[in-house]
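Asker: Can you keep this structure in mind? I'll have questions shortly.
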Ligand SMILES: Cc1cc2nc3c(=O)[nH]c(=O)nc-3n(C[C@H](O)[C@H](O)[C@H](O)COP(=O)(O)O)c2cc1C
């Protein structure tokens, strides 16, 4: 099983990316192959000038073809997702997310914009023909205790992320059509070895 994590902040390190770091640790424990991408993998001019032959883009597209799921993270910028992320999404082919389960996550300075994922990002994910776009996770900045070195998240946020990752995992299983044990059971079993 392969999952792509895509960090949509122009900053690195970043708060929204720290949610992906947390997710990656959980998925690695489940032996899921995770390919991580962030905007810094791309030459800024390739994104700004819409270069569809960007080498990094072509590699991402190859990996996307083989991926079962995508977790996409963005900061809220001006009540929407980041413009830098949009420059990349604009370069994806129309059916780039076909047959994929997508979990969107976002961080913002204020809960006033917690619905930005729903009204701004989700329509784009649907336009890219995502098979299933899951309920997103929003974190406000105060819930991210550290992101410079290692993701340290408030317990309440961790709980919501765990629950979203469980749903993501279950959706991937449905896609595979092979029943697998729940995420927590698998992690507990892996930890006992
Ligand atoms: C240019 C800019 C615009 C922002 N606009 C908003 C906004 O409209 N609403 C909000 O809640 N937070 C806003 N913020 C705060 C960021 O969303 C927040 O700090 C986020 O966690 C940053 O994530 P990152 O570290 O992954 O880039 C803005 C930050 C910047 C730099």
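The values are calculated or read from the model by the stated rules, or taken from the named source; none is laboratory data. Please read all numbers here as calculations on a predicted model, not as lab measurements. All Cβ positions, glycine included, derive from the backbone under ideal geometry; neighbour counts span all protein chains shown.
Asker: Taking the range 73-99 only, how many residues are assigned to a strand (DSSP E or B) and over 23 Å from residue 34 (Cα atoms)?
Answerer: 2
Asker: Return the residue satisfying two criteria in turn: it lies in the range 1-37 and is within 16 Å of the ligand (Cβ to nearest atom) and without any contact (Cβ under 8 Å) to a residue 60 or more places away in the chain, and of such residues it is farthest from residue 175 (Cα to Cα).
Answerer: So in the range 1-37, the residues within 16 Å of the ligand (Cβ to nearest atom) come out as 5-24, 36-37.
Now narrow it down to the ones that are without any contact (Cβ under 8 Å) to a residue 60 or more places away in the chain: 12, 24, 36-37.
On the way: 12: 33, 24: 20, 36: 21, 37: 23 Å.
The residue in question is 12.
Asker: Among the candidates 79, 84, which residue alone is within 11 Å of the ligand (Cβ to nearest atom) and exposed (fewer than 14 other Cβ atoms within 10 Å of the Cβ)?
Answerer: Details: 84 fails: exposed (fewer than 14 other Cβ atoms within 10 Å of the Cβ).
None of the other options fit; the residue is 79.
Asker: Here is a follow-up. Within the range 177-184, can one find any residue that is in contact with a strand residue (DSSP E or B) (Cβ under 8 Å, 6 or more places away or on another chain) and outside any helix (DSSP H, G or I)?
Answerer: no
Asker: Same structure again: Run down 9, 16 and say which single residue is surrounded by 19 or more Cβ atoms within 10 Å (Cβ to Cβ), in a helix (DSSP H, G or I) and under 14 Å from the mean Cα position of the chain (by Cα). Outline the logic, then answer.
Answerer: Numbers: 9 fails: in a helix (DSSP H, G or I).
On inspection, the qualifying residue turns out to be 16.
Asker: Suppose we filter the range 44-59 for residues that are touching a helix residue (DSSP H, G or I) at 6+ places or on another chain (Cβ under 8 Å) and assigned to a helix (DSSP H, G or I); how many remain?
Answerer: 5
Asker: A follow-up question, please. Does residue 64 fit the bill of being in contact (Cβ under 8 Å) with a residue 40 or more places away in the chain, crowded, with 20+ Cβ neighbours inside 10 Å, more than 14 Å from the ligand (Cβ to nearest atom) and part of a helix (DSSP H, G or I)?
Answerer: yes
Asker: For residue 165, all conditions in the list (1) away from the ligand (no atom under 16 Å from the Cβ); (2) at pLDDT 95 or above; (3) more than 12 Å from residue 22 (Cβ to Cβ) hold save one; what is the number of the exception?
Answerer: (3)
Asker: Which one is nearest to the ligand (Cβ to nearest atom) among residues in the range 100-113 that are modelled with pLDDT of 95 or more and in a loop (DSSP other than H, G, I, E, B)?
Answerer: Per the criteria, the residue is 109.
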